[in-house]
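Student: Below you will find the structure I want to go over with you.
The values are calculated or read from the model by the stated rules, or taken from the named source; none is laboratory data. Here the structure is a predicted model, which is why all the values come from computation and not from measurement. When we count neighbours, we look across all protein chains shown, and the Cβ atoms used for this are built from the backbone with ideal geometry, even at glycine. Surface accessibility is based on the protein's heavy atoms, side chains included, excluding ligands, DNA and RNA. Shrake-Rupley method; radii C 1.70, N 1.55, O 1.52, S 1.80 Å.
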Amino acid sequence: MKKMVLHGGRALKGTISASGSKNATLPIMAATLLSDEPSTITGVPMVRDIRTFSELIKILGANAYLESNMLHIQPDTIKNFRAPYDLVKTMRASIYALGPLLAKYGRAEVSMPGGCAIGLRPIDLHLMAVKKLGAQIEMKHGYVIATAKKLRGARIVFPKASLGATVNTLLAASLAQGVTVIENASKEPEVTDLCNFLQAMGAVISGKGTGLLSITGSRKLNGVKNYKVIPDRIEAATLIAAAVITKGSVTVENIRADQMSLFFEKLREAGVSFEIIKGGAVKIGPRRVRLKGTDIATEPYPGFPTDIQAQWMAMMTLASGDTIIKENIWENRFMHVLELARMGAQIKIDGNTAIVTGVKKLSGASVMASDLRASAALILAGLAAAGETQIRRIYHLDRGYENLDTKLSAIGADIRLENEDSV
Ligand code: UD1
């Protein structure tokens, strides 16, 4: 097992590029299963979640092959309809197999995801939607067993905007008979990217980017060649935060600033100076003044992303005054708090609210990563802290960040991976 070792206090300098979005690629991978024709997706981040979904596609009997940020999927040999527990427990996006298998083959068996470190991960809204489209659902031995002769379009009203449930409904509705309307759909850019991909497959969708989506089911969908996924806004924000927390001057390329508006607004409020460069880049710093404590509350898009909450908290540990951070999406997403406290941060938790009282400096310590974005937050703190920080269980990071250590060291970070037992 690896641990990450950092020596903090160096201002990062240079140019760095964000990778393609993991969270956009996973639904698109599921969409490819709606066709018999092959698809290729480019700009795909080489991260573990993408490999895990490729494994799932292979278990289903089809083929997926990832090389040099390009993913080839040949879906026409599917003969299994079961997403097994071993895969679902490591990657909850496996639930995206439900919609396409059900719509195309009339049967899907997906292990119940259960809970995970950041909270319960319910799928009731996914099931409500496919039931409305005509599926029968049975729960057996920890699996959801969904069957349908032919899905039929329906009106689906979500009580809350769920990214995952919107994805599954879009996937299922694209091959259903007739029109499906989704009310209170998720507006996340990753959903819009999925809509763009489905349209390239021949699907008929209106209302992209809004909370009201309408899908007219097709009889058949085609494969798509060389579809480029959107940049990863969460990784981009993490790289920007690395520049900010180290008072560095860094240009981050391959970003979609229009999909990060609230994050940039909050950065401005915190006193960060930056320039958005046309064509998809942002130039940060250098910063001479202390960050100003700036409150956030996580909400569905266009609100502040839950996936940047931990990284924002890491920055705010060093800001002046108090910062109030409200986590409205996941009930247990403050596991980084105790680890940040080991580095000298002052944070109190009250239910879903964290109150961060900024300190002048952090000091390196041995800490433990608990999930993907918590890992990123600890790296950020380690980049700013005096002395050495060691982050154990750093394997969580590989789920969603492509070579983050190499990228950060290319702009001056003192960061490396070591074997846990090598010191
Ligand atoms: C959510 C985030 C996504 C993030 C991911 C991993 C939102 C809207 N979505 O996506 O940005 O990348 O976590 O951190 O911010 N829910 C139900 N029943 C369901 C499905 C969801 O009650 O069937 C609830 C969840 O408990 C949660 C909220 O709806 O409170 C949003 O969940 P959802 O968007 O579906 O989760 P993910 O797709 O995992």
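Student: Residue under question is Gly20, and the condition is that it be open to solvent by 40 Å² or more (accessible area, probe 1.4 Å) and within 26 Å of Ile391 (Cα to Cα); does it hold?
Tutor: Here the answer is no, as Gly20 does not meet what is asked.
Student: Can you list the strands (runs of 3 or more DSSP E) lying wholly within region 73-186 that have 1 or more residues being of a type in the set (D, E, K, R) and within 16 Å of the ligand (Cβ to nearest atom)? I'd like the intermediate steps shown before the answer.
Tutor: On the way: elements: 107-111, 136-140, 143-147, 155-157, 179-183.
Output list reads 179-183.
Student: Which of the residues spanning region 345-364 are open to solvent by 30 Å² or more (accessible area, probe 1.4 Å) and farther than 23 Å from Thr246 by Cα?
Tutor: The answer is Lys348, Ile349, Asp350, Gly351, Asn352.
Student: If you take the residues of region 327-341 that are charged (D, E, K, R) and buried (at least 17 other Cβ atoms within 10 Å of the Cβ), which of them is modelled with the lowest pLDDT?
Tutor: Selected residue: Arg333.
Student: Please tell me if Gly61 is among the small types (Gly, Ala, Ser) and not assigned by TED's automatic domain parsing to the domain that holds Gly164.
Tutor: Working: among the small types (Gly, Ala, Ser): yes; not assigned by TED's automatic domain parsing to the domain that holds Gly164: no.
Criteria not met by Gly61.
Student: A further question on this structure: Identify the single condition in (1) within 16 Å of the ligand (Cβ to nearest atom); (2) in a strand (DSSP E or B); (3) touching a helix residue (DSSP H, G or I) at 6+ places or on another chain (Cβ under 9 Å) that Ile215 does not satisfy, given that it satisfies every other one.
Tutor: Against the list (1) within 16 Å of the ligand (Cβ to nearest atom); (2) in a strand (DSSP E or B); (3) touching a helix residue (DSSP H, G or I) at 6+ places or on another chain (Cβ under 9 Å), Ile215 comes up short only on (1).
Student: Looking for something under 26 Å from Ala242 (Cα atoms) and either buried (at least 20 other Cβ atoms within 10 Å of the Cβ) or touching a Gly at 6+ places or on another chain (Cβ under 8 Å) (or both) - is there at least one such residue anywhere in region 62-76?
Tutor: There is at least one residue in region 62-76 that is under 26 Å from Ala242 (Cα atoms) and either buried (at least 20 other Cβ atoms within 10 Å of the Cβ) or touching a Gly at 6+ places or on another chain (Cβ under 8 Å) (or both).
Student: On the given criteria, is Thr166 polar (S, T, N, Q), in contact with a helix residue (DSSP H, G or I) (Cβ under 8 Å, 6 or more places away or on another chain) and surrounded by fewer than 17 Cβ atoms within 10 Å (Cβ to Cβ)?
Tutor: no
Student: I would also like to ask the following. Of all residues being over 21 Å from Leu12 (Cβ atoms) and not in a strand (DSSP E or B) in region 375-397, which is least open to solvent (accessible area, probe 1.4 Å)? Just the residue, please.
Tutor: His396
Student: From (1) under 22 Å from Pro300 (Cα atoms); (2) among the small types (Gly, Ala, Ser); (3) assigned to a loop (DSSP other than H, G, I, E, B), pick out the condition that doesn't hold for Gly202.
Tutor: (1)
Student: Restricting to region 234-285, what's the tally of residues that are open to solvent by less than 60 Å² (accessible area, probe 1.4 Å) and at pLDDT below 95?
Tutor: 1
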